[in-house]
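Colleague: For reference, the structure I am asking about is given below.
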Amino acid sequence: MSTIVGAAQVLETAKEYLSKIGADQYSQKEELLSGSSIGEHTRHFIEFFQCLLTQTSEGTTVDYSKRLRNQHLETDPTHTLDTINKIQDELKLLGKSGQIGKVCQVDPQFQHAENKSISTTIERELLYNIEHTIHHLAIIKIGLKIVAPEIPISDHFGVAASTLEFRKNNQLKSTSFVEFN
């Protein structure tokens with residue numbers, strides 16, 4: 001599977017809840033989520049994809065700290081669904097070869113952050129965005145169980161591919177064991 005297809009698929013996972021959740025549930029802040037909402041987590045991973053797509057089409061560097069922090073993505077699940085559809089369309093047009101720069105804020109003590117530029121590739125950043133999104137989907141899964149437990153969630157929601165493969169292999173091992181008395 002290509003990284004572009006993988007990125008589109010992980011975004012497709014978010015549609016599981018976006019098509020069913022109400023705006024109030026979506027924007028409800030929860031203490032268990034450190035005072036954030038499902039909408040804030042969703043906006044966060046969407047804007048990483050937007051940064052990658054927009055900034056690499058305009059130049060050769062991506063800086064995720066330059067996200068727009070669009071509150072409309074935090075409060076309106078229908079708008080967010082439309083945005084994901086647009087990103088999925090844009091991913092199809094993305095070239096994944098070539099070196100790009102990535103600006104990172106580096107400071108082990110989180111004081112006086114220093115920007116550092118490193119070399120990366122679009123494909124590597126797509127992989128980063130996939131893993132980053134899965135991480136936030138795992139957090140969103142917790143939020144959904146609190147604010148919208150009626151929304152069904154698939155087993156693979158918020159779970160990394162390697163974990164799914166591990167679970168599958170272990171299940172096969174445990175079911176293939178035959179006990180003799």
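None of the figures in this text is laboratory data; all of them are computed from the coordinates on show. Just so you know, these numbers come straight off a predicted model, no measurement behind them. Neighbour counts are summed over all protein chains in view; Cβ atoms, including those assigned to glycine, are modelled from backbone coordinates with ideal geometry.
Colleague: Using DSSP H assignments, which helices in the chain have an axial alpha-carbon span of 20 Å or above and a mean Kyte-Doolittle hydropathy of -0.5 or higher?
Modeller: 3-18, 38-58, 122-147
Colleague: Using only the alpha carbons of the chain, what is the convex hull's orientation-averaged projected area in square nanometres? All intermediate terms of the calculation are to be shown ahead of the outcome.
Modeller: Values: hull surface 56.9 nm².
For the chain, averaging the hull's shadow over all directions gives 14.2 nm².
Colleague: Same structure again: How high is the relative contact order of the chain? Use alpha-carbon pairs under 8 Å, at least six apart in sequence, and give a whole percent. Working shown, then result.
Modeller: On the way: 220 pairs, mean separation 46.1, N = 181.
Contact order relative to length: 25 percent.
Colleague: Treating cross-link reach as a plain straight distance, find the lysines whose alpha-carbon is under 18 Å from the alpha-carbon of Lys145, omitting any fewer than eight places away in the same chain.
Modeller: Lys15, Lys20, Lys29
Colleague: I would also like to ask the following. Hey, fewest Cβ within 10 Å first, where do Phe166, Phe48 land in order? Walk me through the numbers on the way to the answer.
Modeller: Details: Phe166 12, Phe48 19.
Fewest to most other Cβ atoms nearby, the residues stand as Phe166, Phe48.
Colleague: If you don't mind, there's one more thing I want to ask. Take the Cβ-Cβ distance between Asp82 and Asp24 as r, set R0 to 25 Å, and report the resulting FRET efficiency rounded to the nearest 0.05. Present the calculation step by step, with values, prior to reporting the outcome.
Modeller: Details: r = 19 Å, r/R0 = 0.77.
Result of the calculation: an efficiency of 0.85.
Colleague: Right, something else. Please report, in debye to the nearest 20, how large the charge dipole of region 1-96 is about its Cα centre when each Lys and Arg carries +1 at its beta carbon and each Asp and Glu carries -1 there.
Modeller: Details: 10 positive and 14 negative charges, 50 e Å.
Result for region 1-96 is approximately 240 debye, rounded to the nearest 20.
Colleague: By count of other Cβ within 10 Å, fewest leading, how are Val5, Val147, Val159 ordered?
Modeller: On the way: Val5 11, Val147 20, Val159 17.
If I rank by nearby Cβ atoms, fewest first, I get Val5, Val159, Val147.
Colleague: Taking DSSP loops as anything outside H, G, I, E and B, show the longest stretch in the chain free of GluC sites (Glu not before Pro) there with at most 14 other beta carbons within 10 Å.
Modeller: Longest site-free region, per DSSP loop and neighbour criteria: 1-149.
Colleague: Sticking with this one: Around Arg67, under 13 Å between beta carbons, what's the net of Lys plus Arg minus Asp minus Glu among the other residues? Display every interim value, and only then the final one.
Modeller: Details: positive: Arg43, Lys66, Arg69; negative: Glu40, Glu47, Asp63, Glu74.
Result for the neighbourhood of Arg67: -1.
Colleague: Another question, then. Calculate the dipole size of the chain relative to its Cα centre from +1 charges on Lys and Arg beta carbons and -1 charges on Asp and Glu beta carbons; express the result in debye to the nearest 20.
Modeller: On the way: 18 positive and 23 negative charges, 64 e Å.
The calculation lands at about 300 debye.
Colleague: Within region 37-81, report the trypsin sites (Lys or Arg not before Pro) that DSSP leaves as loop and that have at most 16 other Cβ atoms within 10 Å.
Modeller: Values: sites: Arg43, Lys66, Arg67, Arg69; in loops: Arg67, Arg69.
Of the trypsin sites (Lys or Arg not before Pro), the ones in loops of region 37-81 whose Cβ has at most 16 other Cβ atoms within 10 Å are Arg67, Arg69.
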